[in-house]
Each structure stands twice: as C-alpha cells, then as structure tokens.
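Asks: Got a structure here, written out as structure tokens. Questions coming.
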Amino acid sequence: MTKKLFGLLVAGVLCGNVHAQTMCGTDELYNKLKKENKKIELNEAELELYIKQQLQKIDFNSAAKGTAGVDDTTYYDVPIVIHIVHDFGAEYITDNAIFDAVSNWTEVMLGENADTSQVITPFKKWVGTPRIRLHLATVDPNGNPTKGITRRQSYLTGNAGDQAKLDGWPNNMYLNLWFISKFSPDHSGAAAYAYYPSSGAALPYYDGVIGLATYLNYDKAIPHEIGHCLNLQHTWGNNNQPNVACGDDGVDDTPPTKGHLTTGCTNGSLYDTTCATGYVKVVGSTIIDYPDTTNAQNVMDYTYCQKMFTIGQAQRMRIALTSGTAGRNNLFSVTNLGKTGALVPRPDMLPVPDFSVEKSSIISTERTYFQCADNSTPFTFYNRSWNDTITSVQWTFSNGASNPTSASTAFVNNTFSQPGWVTVSITATGNNSGSATKTNTHAVYAADPNTIMPGGYFQGFTAAEMDKWPTFNYYDNQFKWEQYSGAGYNSNDCVRYRSFDDRTSPANKSGTPAGDYDDMFSVGFNLANFTASNLKLNFYTAGARTTKSPFVQDSLQIFMSSDCSKSWKLITTLDGSDLATAAQNAEFFPAAGDWKARTVNLPTANYSDKVFFRFRYWPSENGNNLYMDNFEITPFSTDVNEVAHQPGQVKVFPNPTKGDCELAFTTGLSGKTSFIIKDIAGRVVYQQDQVYAPKTFVQHTILRNVFASAGFYFITLINDNLATTEKIVVE
Ligand SMILES: [Zn+2]
C-alpha cells in the first residue's frame, strides 16, 4: 500500500489525498455544498445543540477515573448494506472478504479491538467503548431475504463519486457502504469518504460511506468513515488540512492538535504536545486535566497508527445515533431491527448465478461481444456467481459452440459455428441451499461471415430486421440502442440511442450516463470489388439536446472493420451541435423536418470481402435522444442518393463546382425527361430532351465548358411534366 491517508469527506465532497503535500479541499468544498444546500447548516446546528445538551449529562471527570458518569452499557445495533459497484475487476470482492471486514469494523466500533493494548499511557484511561454493533441486513427494503450485499456492474466503478452510489437503500433503515475500484479526478487520491448526518439528512440518497475496494479491510479506514457518519470530525477539526494549524474537533478528551500525516507510530507523533501543553477543561467547579499529548493513535487522525476512539468520541457517536438527524435514531429501533432482520443469523440463500464476457486475444483491451462465426479465436466467459459458497457450475452454449457444455468454475472459451445471438446458460450450485440458473439469450453475437453486396442494400430498421443489427446495452441501464417504431425518415421505423436523461427524482439521482457507451453493429458487406469507387455511408439522423446543458456532450463514433471484426478503425465522430440540432427539455421525438442527411466517406484502404460497421454511442449528463434511419452504402452523398428514392428531385454535385459536375435524378413513369440550364440573365446555355427507362436513377455529367464563366446558373428538370429548379454555383 502506498496510500497512507484516508480521504475524508465533509458534506459530500472529498477531502483528498494521500500525498502529504496535497491540500485537503474539505473546508472549501464543505462550504460550497453548504451554500448549495441551506438545509445542511440548519441540520448541523440542530444536531450540535442536541449533542451539547446530551453531553452536559455526562460526568467526564468520573469517567476518566473509571468510576461512573458515562452510559456505555447499552449496545446499539445498526443494520448495514454493502454495495459492490464493479466491472468484474479486482473490486468484485467476495462475500467472505466482506463478512471478515464487517466483523473487524464491528470490533473497532465496539471498542473491543485488541490493539487498544498498545495505546500510550496518557490515553489508556480515555479509551472509549462506543458499543456499536454492525450487522449485515438479512431483509432488504422490499422484504426479501438478503445477505446484506448488492452487486452492480457499472462503468462508474472506475470514475466514482456520489454518482456511483447505485442501488442505495433507505438511509434511515440501513447504513449504506459502497465499494468501487477508482475515484473520479475530483476525488483522486482519496481512499474513502463519508457523509455527516447533517449532509445525509439533506441528500439522503448519497448518505453513507464510499471507498476503494482495496480499503475494505485496510487498517481502520472504514471505522474512521463510519465515525464521520456518526458526526465525528478529524481530531484537528474540519476547518483546515492536517499538519497545518492547531485545531479542535469539539471533543474534550481529544486534545487540540494539528493532526498528523503519515508519520506512523513514531514517538514524535505519539508524544507531540505542540497544541495541547497544559490542556485542561473547566466544567462547573471541576477542572478536568486531559492529556497534553496529541492523540495520534486516534481512529480519526491521519497518523496511520489508529488504535482507539476516546470516551468523548464514543459518546458523541452514541448521541448522534439517538438523534433524528438523517434518521439515525431509527437505525437501532426495535421495529427497524425487525424489518431489516439485523439480529437474525445470515440466511442460507440460493446462489446468484452470473457470468461476464471478458477480453479475449482478439482485442486485448476490450471485452469481445461480437465477432464472426468463423473466427477461430474464442469468446471468453467467466463464472461470477455469488451469494453462496459455489461448489459447482454447469454451463451450456448454443449456436454450435466448440464447448457446448462445461463444468468449469473459472472460465470457458468458446467459438460458435452458427451465426446469430448466442444463448448462454449457467447453473451455480451452492454448498447449502441448492442451485439457480441464469440464461442470457443475447450474451454475445456471432456475425454471419457470408457478407452481402452493398448495391441495393437498404436498412430501414424495422423490428424484424434488427436481429441482423445487434445492439448491446453493456451496463444494462436505460441508456441504450433500441428499435423505434414511432418515427422514421419518411417512414415509421428507425433505430435510436435513448440518451434522454430523466434522472430528476431524488431516488434516481445516482448513475449518471457520463462514462457509459453502447454499440450497434451492422451486417457484413463485401466491398472487395469497389476499391475504385470511393463508397459512402448514407444515413439520416435526428438529434436533440436538453436545454439543461449548454453543450451537446454526447457523441457517436463510427468504426469500420475490414477483417470480420477482429480490429476496428474509427472513420468518423459525430458530436456537438452537429449531432443534436434541436434543444428541448422533454424527451425528443423527431418531426419530419428534424432529419439531417449524413454522408461518411469510406476509406478504400478498409475495403475487403468482410466489412462491418460499429456505431458506438457515448451518452452524457442531460443528454437527449438520437435517431438514425435509412442506412445504405452508395457512391453518392446521402442527399444526392436521396433522388434515387424521390422522383421529381434533381441534385447537382459537387455544388459549388470548379470543374465538371454531375446531375442526378430519378425518372418518372413515362421516362420522358428534359433539362435546361440558364445563366443568371435567363439565357439557355444547355438543353437536353431524352427518354430514359421509367423510374430509373440517372446520373448525367455536365462538362465545365457548358458554363462560359463563373457565377450562378439554374437548372430546371422536367420529369413527367413536373418541373424542379436548382441553383448551380460555378467557381
Ligand atoms: Zn476522515
């Protein structure tokens, strides 16, 4: 472990690092949050008043003599829930590791940790016994049995903060603790942070502790955070950083201190008297002589020599528990202990069967969910079953799998000879209570390596056609690709990325879409014979942003593979105001005028007989939907190509033109067509009358020498007696 400090968070903002030199942003951020939430300050004042009143009833002088004065015989039982927010990395900690950790935290919260024997003499009589017992809940908020652990796969595990606090349970019934793999840059350097009751009352859905999974059972990192949840400050207070100025935490028997950094258990730290020489408190007519050395062994210090809470801290935590602020006083109520099943033994439960699709040797940096059915490099499936000691596993795989069944408890590699969606089924058997099965009918996609020619291929994204255009919602949330039958470009079908961010209700504050991404894949195309054609992707999009955000932060990346999906090249990114034209706070549904023609040049270097496209959408906070329709591959730009579908239109391209230009149109029922080009003075410079095959796409070259000089010209096309006029700009 190179990290030595706890991050601490006051009021929801992290107090960081870890490197001794790093400033802790607590004060600044705490005040910022207090400004945003006036309620926090009121909550805090109310709680402090209550604590002061309760503390007056305690005779600390007698307590120090060990004679009486303090009620610490009552045990407080607190139901807890552990949320593992993971992406199947090392942060996917086992149930057993969690059980061990909770039992170690509880020892500290009881004041029964064995290493209090190492407390230095001046503090021996001030060692407190909070007598707080932590219990993993056995009943969840819906009344169902649980082991007090939830697991959620999320991209937020690698960029965590309050938004990663997914699946929180009511904070007046359970103390919530989340574990993640990495904090976001604004929390970087932190190992964990917690909410004081005053903040927890204002923002109940963020109340609790969040920490790195690596700190689950690291020294007393988590009891330190639980101390914050029960209103303990750091020993030096919450107004500055450690090691800066003498400060106080409002607890009499933790002497004033600058706080210590990662110096460890050196005599210099343990016997430091800088801020506490002659430290006494006068209570009524009694003078209480507290130690003059700072309490570097305190759990709430940064010395990393944590052994103890003091009597005063224990009392403050117990009083915070009896306060209604953030509903702490409900946690240990008899009714709540019954509802949460906190005091009954952990139930025997069925295993939760689960598996992940992992990185393979095809693309070593990404998980592989899509590849050609004839690819000899396998997909890799890992067993991730939990909630019981798993004694055996049984897998089955569809689509002509190379290993149609397996009993591996680790992982299975598989190739699939039959194209299409692959069904994977895993049955996990536990040591006590039986087995359970998970079946995923869309686990991975084996693409058909028999590709099609692009000519005449048209994709309008009807529901029936989507099976050949697999979409993946990797993190199983509301932000995803889906077929949509309520709109389309000149049709009622299209595909959309549902990026609309409607997380407005308090219960839905977590889980920002920022960081998510999802893919849609095309069918395979044979472009081997088109290397001289400069083909283009043609499609239409209609997009919007919400007015809550001044910028469109969503983006759509389009990738092309020329090797049957073994590797991908980014060919374009649509983003910003180009991606989203409309702005509205309601969910966006496109009208006819919202569609925009898209043309993406396909680099000839990528042409092969097995070409696929991957559409990767990155949603963002306050995003809105993007709709896509009418996918084709042609030699034309999308607006030109459109005339192939829209008789009566004429397109000139390029326009403006410097040299020869092309005229494109589709003939009508008779095939009789005339076109006339006039200059700006109305003089005819070119005319042609011809009979083509009916309803045929025509492309006609007009040589540069038709135009006598640069300037504006007008072309009128007459098709079945219907005239259309377009302007040509000659440069
Ligand atoms: Zn802290």
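Asks: Please go through (1) surrounded by fewer than 18 Cβ atoms within 10 Å (Cβ to Cβ); (2) over 30 Å from V283 (Cα atoms); (3) touching a residue at least 24 places away in the same chain (Cβ under 8 Å) for D72 and return the number of the only condition it doesn't satisfy.
Replies: (2)
Asks: I'd like the full set of residues that are under 30 Å from S392 (Cβ atoms) and either touching a His at 6+ places or on another chain (Cβ under 7 Å) or among the β-branched types (V, I, T) (or both), limited to region 431-460. It would help to see each step written out before you state the result.
Replies: So the first thing to find is which residues in region 431-460 are under 30 Å from S392 (Cβ atoms), and the list is 431-446.
Listed by number, the residues that qualify are T437, T439, T441, V444.
Asks: Tell me which residues, restricted to region 687-699, are surrounded by 15 or more Cβ atoms within 10 Å (Cβ to Cβ) and of a type outside the set (A, V, I, L, M).
Replies: As a first pass, look at region 687-699 and keep what is surrounded by 15 or more Cβ atoms within 10 Å (Cβ to Cβ): 692, 697-699.
Those that are surrounded by 15 or more Cβ atoms within 10 Å (Cβ to Cβ) and of a type outside the set (A, V, I, L, M): Y692, F697, Q699.
Asks: Which of the numbered conditions does D629 fail, given that it passes all the others? Conditions: (1) over 30 Å from K569 (Cβ atoms); (2) crowded, with 22+ Cβ neighbours inside 10 Å; (3) among the charged types (D, E, K, R).
Replies: (1)
Asks: Residue under question is G143, and the condition is that it be crowded, with 24+ Cβ neighbours inside 10 Å, small (G, A, S), in the same structural domain as L212 (by TED's automatic domain parsing) and more than 16 Å from the ligand (Cβ to nearest atom); does it hold? Spell out how you get there, then give the answer.
Replies: Working: crowded, with 24+ Cβ neighbours inside 10 Å: no; small (G, A, S): yes; in the same structural domain as L212 (by TED's automatic domain parsing): yes; more than 16 Å from the ligand (Cβ to nearest atom): yes.
Taking the combined requirement at face value, the residue does not satisfy it.
Asks: Taking T322, is it among the hydroxyl-bearing types (S, T, Y), within 16 Å of the ligand (Cβ to nearest atom) and in contact (Cβ under 8 Å) with a residue 24 or more places away in the chain? Steps first, please.
Replies: Working: among the hydroxyl-bearing types (S, T, Y): yes; within 16 Å of the ligand (Cβ to nearest atom): no; in contact (Cβ under 8 Å) with a residue 24 or more places away in the chain: yes.
Against the criterion (among the hydroxyl-bearing types (S, T, Y), within 16 Å of the ligand (Cβ to nearest atom) and in contact (Cβ under 8 Å) with a residue 24 or more places away in the chain), T322 does not qualify.
Asks: Among the candidates T531, T512, single out the residue that is among the β-branched types (V, I, T) and surrounded by fewer than 20 Cβ atoms within 10 Å (Cβ to Cβ). Break it down stepwise before answering.
Replies: Numbers: T512 fails: surrounded by fewer than 20 Cβ atoms within 10 Å (Cβ to Cβ).
Only one candidate qualifies: T531.
Asks: Looking only at helices (runs of 4 or more DSSP H) that lie completely in region 255-333, which have at least 2 residues being of a type in the set (V, I, T) and farther than 23 Å from L49 by Cα?
Replies: Details: elements: 267-270, 311-322, 328-331.
Result: empty, no element qualifies.
Asks: Same structure, new question: Does region 269-290 include one or more residues that are surrounded by fewer than 24 Cβ atoms within 10 Å (Cβ to Cβ), away from the ligand (no atom under 16 Å from the Cβ), within 39 Å of the chain's Cα centre (by Cα) and among the hydrophobic types (A, V, I, L, M, F, W, C)?
Replies: No, region 269-290 has no match at all.
This table checks each residue for (1) polar (S, T, N, Q); (2) closer than 14 Å to C372 by Cα; (3) assigned by TED's automatic domain parsing to the domain that holds A528; (4) part of a strand (DSSP E or B).
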site: V393; (1), (2), (3), (4): no, no, no, yes
site: S408; (1), (2), (3), (4): yes, no, no, no
site: V412; (1), (2), (3), (4): no, no, no, yes
site: S425; (1), (2), (3), (4): yes, no, no, yes
site: A428; (1), (2), (3), (4): no, no, no, yes
site: N432; (1), (2), (3), (4): yes, no, no, no
site: H442; (1), (2), (3), (4): no, no, no, yes
site: P454; (1), (2), (3), (4): no, no, no, no
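Asks: Taking the condition of being within 20 Å of L33 (Cβ to Cβ), crowded, with 24+ Cβ neighbours inside 10 Å and of a type outside the set (F, W, Y), how many residues in region 167-180 meet it?
Replies: The first filter runs over region 167-180 and keeps only residues within 20 Å of L33 (Cβ to Cβ), leaving 168, 171, 176, 178.
Checking the rest, the ones that are also crowded, with 24+ Cβ neighbours inside 10 Å come to 171, 176, 178.
From what's left, of a type outside the set (F, W, Y): 171, 176.
Residues that pass the stated criteria total 2.
Asks: Something else about it: Tell me, yes or no, whether region 702-719 has at least one residue that is assigned to a strand (DSSP E or B), of a type in the set (A, V, I, L, M, F, W, C), free of Cβ contacts under 8 Å to residues at least 24 places away in the same chain and over 14 Å from Q649 (Cα atoms).
Replies: no
Asks: Follow-up. I need the strands (runs of 3 or more DSSP E) fully contained in region 570-655, keeping only those with at least 1 residues that are more than 30 Å from N450 (Cα to Cα), at pLDDT below 95 and not assigned by TED's automatic domain parsing to the domain that holds S499. Can you show your working first?
Replies: Values: elements: 596-601, 612-618, 623-634, 650-653.
Counting at least 1 such residues, we get 650-653.
Asks: Output yes when any residue across region 231-252 is away from the ligand (no atom under 14 Å from the Cβ), in a helix (DSSP H, G or I), crowded, with 17+ Cβ neighbours inside 10 Å and at pLDDT 90 or above, and no when none is.
Replies: no
Asks: Would you be able to say whether some residue in region 582-592 is buried (at least 20 other Cβ atoms within 10 Å of the Cβ) and within 21 Å of T365 (Cβ to Cβ)? Full working, then the answer.
Replies: Step one: list which residues in region 582-592 are buried (at least 20 other Cβ atoms within 10 Å of the Cβ), which gives 588, 590.
Keeping just the survivors that are within 21 Å of T365 (Cβ to Cβ) gives none.
Checking region 582-592: not a single residue is buried (at least 20 other Cβ atoms within 10 Å of the Cβ) and within 21 Å of T365 (Cβ to Cβ).
Asks: Could you tell me which of the residues Y302, Y290, Y279, Y271 is among the hydroxyl-bearing types (S, T, Y), within 20 Å of Q118 (Cα to Cα), outside the structural domain of N113 (by TED's automatic domain parsing) and in contact with an Asp or Glu (Cβ under 8 Å, 6 or more places away or on another chain)?
Replies: On the way: Y302 fails: in contact with an Asp or Glu (Cβ under 8 Å, 6 or more places away or on another chain); Y279 fails: within 20 Å of Q118 (Cα to Cα); Y271 fails: in contact with an Asp or Glu (Cβ under 8 Å, 6 or more places away or on another chain).
Selected residue: Y290, the only one of Y302, Y290, Y279, Y271 that is among the hydroxyl-bearing types (S, T, Y), within 20 Å of Q118 (Cα to Cα), outside the structural domain of N113 (by TED's automatic domain parsing) and in contact with an Asp or Glu (Cβ under 8 Å, 6 or more places away or on another chain).
Asks: Further question on the same structure: Right, A164: surrounded by 24 or more Cβ atoms within 10 Å (Cβ to Cβ), closer than 23 Å to A97 by Cβ and more than 16 Å from the ligand (Cβ to nearest atom) or not?
Replies: On the way: surrounded by 24 or more Cβ atoms within 10 Å (Cβ to Cβ): yes; closer than 23 Å to A97 by Cβ: yes; more than 16 Å from the ligand (Cβ to nearest atom): yes.
Yes: the conditions hold for A164.
Asks: Just checking, which of N375, N403 is part of a loop (DSSP other than H, G, I, E, B) and buried (at least 17 other Cβ atoms within 10 Å of the Cβ)?
Replies: It is N375.
Asks: Of the conditions (1) over 25 Å from the mean Cα position of the chain (by Cα); (2) in contact (Cβ under 8 Å) with a residue 24 or more places away in the chain; (3) more than 16 Å from F631 (Cα to Cα), A544 satisfies every one except a single condition; which number is it?
Replies: (1)
Asks: Would region 499-513 turn up any residue that is among the acidic types (D, E) and closer than 28 Å to G455 by Cβ? So that I can check it myself, show each step before the final result.
Replies: From region 499-513, those among the acidic types (D, E) are 501-502; that's our starting set.
When the remaining residues are screened for being closer than 28 Å to G455 by Cβ, the result is none.
Checked region 499-513: no residue is among the acidic types (D, E) and closer than 28 Å to G455 by Cβ.
Asks: Mind checking whether some residue in region 418-436 is over 28 Å from the mean Cα position of the chain (by Cα) and free of Cβ contacts under 8 Å to residues at least 24 places away in the same chain?
Replies: no
Asks: All but one of (1) in the same structural domain as I93 (by TED's automatic domain parsing); (2) over 25 Å from S333 (Cα atoms); (3) more than 16 Å from the ligand (Cβ to nearest atom); (4) among the hydroxyl-bearing types (S, T, Y) hold for T263, so report the exception by its number.
Replies: For T263, the exception is condition (1).
Asks: If you scan region 431-449, which residues turn out to be modelled with pLDDT under 95 and exposed (fewer than 14 other Cβ atoms within 10 Å of the Cβ)?
Replies: N431, N432, G434, listed by residue number.
Asks: Now a separate question. If you take the residues in region 291-303 that are within 12 Å of the ligand (Cβ to nearest atom) and of a type outside the set (A, V, I, L, M), which one is modelled with the lowest pLDDT?
Replies: So the first thing to find is which residues in region 291-303 are within 12 Å of the ligand (Cβ to nearest atom), and the list is 298-302.
Applying the additional criterion that residues be of a type outside the set (A, V, I, L, M) yields 298, 301-302.
On the way: N298: 94, D301: 88, Y302: 84.
Per the criteria, the residue is Y302.
Asks: Go through (1) surrounded by 14 or more Cβ atoms within 10 Å (Cβ to Cβ); (2) touching a strand residue (DSSP E or B) at 6+ places or on another chain (Cβ under 7 Å); (3) modelled with pLDDT of 95 or more one by one and return the number of the condition L343 breaks.
Replies: (1)
Asks: Then there is this: Cβ contacts < 9 Å: first residue among the hydroxyl-bearing types (S, T, Y), restricted to region 168-194; second residue more than 16 Å from the ligand (Cβ to nearest atom) and in a strand (DSSP E or B), any location; separation 6+ or different chain. Result?
Replies: Qualifying pairs under 9 Å: Y174/V78; Y174/P79; Y174/I80; Y174/V81; S181/V85; S181/H86; S181/A160; S184/A160.
Asks: I've got another one for you. Run down Q478, Q483 and say which single residue is closer than 24 Å to T546 by Cα, touching a residue at least 12 places away in the same chain (Cβ under 8 Å) and in contact with a helix residue (DSSP H, G or I) (Cβ under 7 Å, 6 or more places away or on another chain). If you could, list the steps in order and put the result at the bottom.
Replies: On the way: Q478 fails: in contact with a helix residue (DSSP H, G or I) (Cβ under 7 Å, 6 or more places away or on another chain).
Step by step, each of Q478, Q483 is checked, and only Q483 is closer than 24 Å to T546 by Cα, touching a residue at least 12 places away in the same chain (Cβ under 8 Å) and in contact with a helix residue (DSSP H, G or I) (Cβ under 7 Å, 6 or more places away or on another chain).
The values are calculated or read from the model by the stated rules, or taken from the named source; none is laboratory data. As the structure is a computational prediction, the values presented were derived from the model and not from experiment. Using ideal geometry, Cβ is built from the backbone for each residue, glycine included, and neighbour counts are taken over all protein chains shown.
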